[in-house]
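Report on the structure given below.
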Amino acid sequence: MRIVLVGPPGAGKGTQATRLAEKLRIPHISTGDLFRANISRQTELGKLAKSYMDAGNLVPDEVTIAMAKDRMSQPDAENGFLLDGFPRNVSQAEALDELLKAEGIKLDAVLDLEAPEDEVVKRIAGRRVCRKDSAHVFHVTYSPPKQDGVCDYCGGELYQRDDDSEETVRTRLEVYHTQTEPIIDYYRAQGLVVTISAMGPVDEVTSRALEALKSGQ
Ligand code: AMP
């Protein structure tokens, strides 16, 4: 399957993408994770991306699209992928369409995770991520680690993402509404959008997502 995941920051895209990719046996491709990996390796791309990310803005399309294309052309993505955080505006969606068209392939679904704004703000403010593996995510109140600041799964250090500060979150939400939300209409016109609620326990959201993808509604 070829799936795009959309939803506001804090809706749980990363958490759900990891779980869905495992169940569907397709690679989870997160442009945010790819940028963060570049930042920790201190590459030129990482240096460029960091200034935009820290401010809560989108990294320019040219570099983002090139990076996403490169990742999608890896052998593990040949038979499917779950895109998390890409595309994030209409021109990226158009670039993805062109790329898929050139390969003679199509998206199967665009999964839209819905969550109320006050909830996503609470989720982001308390989010703590493992330095060793960004799929290991905790929340200081909703899912605290057994030991403060330490990952339950691998013992890695838990930290708050630079762009999870309250001020940056406001910008990220605004960017989501103005730039990313329009892609939902773009894909709705192609009959691809499946909307589910991202509220409730993580397992329930995953089941809801799998069910919705199966029935295509
Ligand atoms: P995420 O981990 O998906 O929340 O992304 C974190 C940050 O990385 C975003 O706030 C953007 O600054 C940047 N980013 C991730 N994906 C994209 C994208 N498709 N286009 C532009 N910037 C992106």
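The values are calculated or read from the model by the stated rules, or taken from the named source; none is laboratory data. Everything numeric here is computed off the predicted structure, so don't read it as measured data. Neighbour counts run over all protein chains shown; Cβ positions are idealised from the backbone, glycine included. Note: accessible area is taken over every heavy atom of the protein model, side chains too, but ligands, DNA and RNA are not part of it. Shrake-Rupley method; radii C 1.70, N 1.55, O 1.52, S 1.80 Å.
Taking all protein chains together and a 1.4 Å probe, the residues Ser165, Ser51, Ser30 rank Ser51, Ser165, Ser30 from largest to smallest accessible area. Each residue of the stretch 137-150 was assigned a 3J(HN,Hα) from its phi angle through the Karplus expression (A = 6.51, B = -1.76, C = 1.60, θ = phi - 60°), giving 10, 10, 9, 4, 10, 6, 8, x, x, 4, 10, 3, x, 10 Hz with x at Gly and Pro. Residues Asp203, Asp54, Asp163, sorted by accessible area with the largest first, give Asp203, Asp54, Asp163 [1.4 Å probe; ligands and nucleic acids excluded]. The distance from the alpha carbon centre of the stretch 5-35 to that of the stretch 59-82 is 14 Å, rounded to a whole number.
GNM on the chain, alpha-carbon springs under 10 angstrom: the most fluctuating residue among Val121, Val194, Val140 is Val140.
When the Cα positions of Gln16, Gln74, Leu58 are compared along the charge dipole of the stretch 1-102, Gln16 comes out farthest toward the positive end, with charges on each C-beta of Lys, Arg, Asp and Glu.
Computed over protein heavy atoms with a 1.4 Å probe, the accessible surface of the stretch 79-217 works out to 54 Å² per residue.
Among the listed pairs Lys146/Lys214; Lys69/Lys132; Lys106/Lys146, which are separated by more than 31 Å between their Cα atoms?
Values: Lys146/Lys214 35 Å; Lys69/Lys132 25 Å; Lys106/Lys146 43 Å.
Checking Cα-Cα distances, Lys146/Lys214; Lys106/Lys146 exceed 31 Å.
Short to long, the 5 Å bins of the Cα pair-distance histogram for the stretch 175-217 hold 5, 21, 20, 21, 20, 12, 1 percent of all pairs. Loop-located trypsin sites (Lys or Arg not before Pro) across the stretch 1-78 with a Cβ neighbour count of 16 or fewer within 10 Å are Arg25, Arg41, with loop assigned by DSSP.
State, as an integer percentage, the relative contact order of the stretch 93-217 based on alpha-carbon contacts under 8 Å between residues 6 or more apart. Intermediate values should be presented prior to the final figure.
Details: 118 pairs, mean separation 38.2, N = 125.
Result for the stretch 93-217 is 31 percent.
Segment Tyr52..Ser143, full-extension length gain: 29.8 nm, with 0.36 nm per residue of separation and the alpha-carbon distance subtracted.
Working from the Cα coordinates of the chain, the gyration tensor eigenvalues give, after taking √(5λ), semi-axes of 25, 21, 18 Å in decreasing order.
Assuming charge only on the beta carbon of Lys and Arg (+1) and of Asp and Glu (-1), the dipole of the stretch 38-139 about its Cα centre is about 660 debye to the nearest 20.
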